[in-house]
């Protein structure tokens, strides 16, 4: 299908992955077989999201939330990338600091029609995790599934380096501590949130 779109010059999203051009998508999907879902003008959609609440209108369009509900969210990859001339959301709203991971846990602080401000941190919420919390890729390595983060993002071995279950549990505990120290507070475009899971209501210390 992509060969019929070569005249299209804008960005596009295929099966949830963003591409700068049809050519780059063709190269990435050269040997792919199966169904694909194509979304065009994703850059324009992001820009429309940004215009929902301009900085000059922040005070009157922002509502605070006192909820202590904790959520687990997964965001689109562009929320973890540095600002560019084409996408300067973080520069305008987050002191030029992108989210450190695609999957994080936290609470909502404020909301506008198109954005939500959240206090977030890293946390392993299941005994075994299906996707890397840093980049969002599917985890197939058994050690990575315990860590919640892949070998490339976490810098650990592809094979189990632990001789006992106790050593593995200790390494997982250390990874949990490391993730918990990864904190970020900032604004997120609501349409950039791919998944949002309610975890619990609790008081955050």
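The values are calculated or read from the model by the stated rules, or taken from the named source; none is laboratory data. Predicted model only: the values in this text are computed from it and were never measured. Please note: Cβ atoms are built from the backbone with ideal geometry, for glycine as well, and neighbour counts cover all protein chains shown.
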Kindly provide the set of residues from region 98-114 that are surrounded by 20 or more Cβ atoms within 10 Å (Cβ to Cβ) and over 14 Å from residue 71 (Cα atoms), ordered by number.
99, 101
Of all residues in region 95-109, count the ones that are closer than 14 Å to residue 183 by Cα and not in a strand (DSSP E or B).
6
Residue pairs, Cβ under 6 Å, 6 or more apart or interchain, first in region 173-199 and touching a residue at least 40 places away in the same chain (Cβ under 8 Å), second part of a helix (DSSP H, G or I) and surrounded by 13 or more Cβ atoms within 10 Å (Cβ to Cβ). List them.
175/147; 187/93; 189/49; 191/49; 192/79
Take the conditions surrounded by 19 or more Cβ atoms within 10 Å (Cβ to Cβ), in contact (Cβ under 8 Å) with a residue 40 or more places away in the chain and in a loop (DSSP other than H, G, I, E, B) and apply them to residue 124. Does it pass?
yes
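Here's the yes/no breakdown for (1) touching a strand residue (DSSP E or B) at 6+ places or on another chain (Cβ under 9 Å); (2) at pLDDT below 80; (3) surrounded by 14 or more Cβ atoms within 10 Å (Cβ to Cβ); (4) in a strand (DSSP E or B):
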{"position": "163", "(1), (2), (3), (4)": "no, yes, no, no"}
{"position": "167", "(1), (2), (3), (4)": "no, no, no, no"}
{"position": "173", "(1), (2), (3), (4)": "no, no, no, no"}
{"position": "178", "(1), (2), (3), (4)": "no, no, no, no"}
{"position": "191", "(1), (2), (3), (4)": "no, no, yes, no"}
{"position": "196", "(1), (2), (3), (4)": "yes, no, no, yes"}
Report yes if residue 129 is surrounded by 13 or more Cβ atoms within 10 Å (Cβ to Cβ), in contact with a helix residue (DSSP H, G or I) (Cβ under 8 Å, 6 or more places away or on another chain), modelled with pLDDT of 80 or more and outside any strand (DSSP E or B), otherwise no.
no
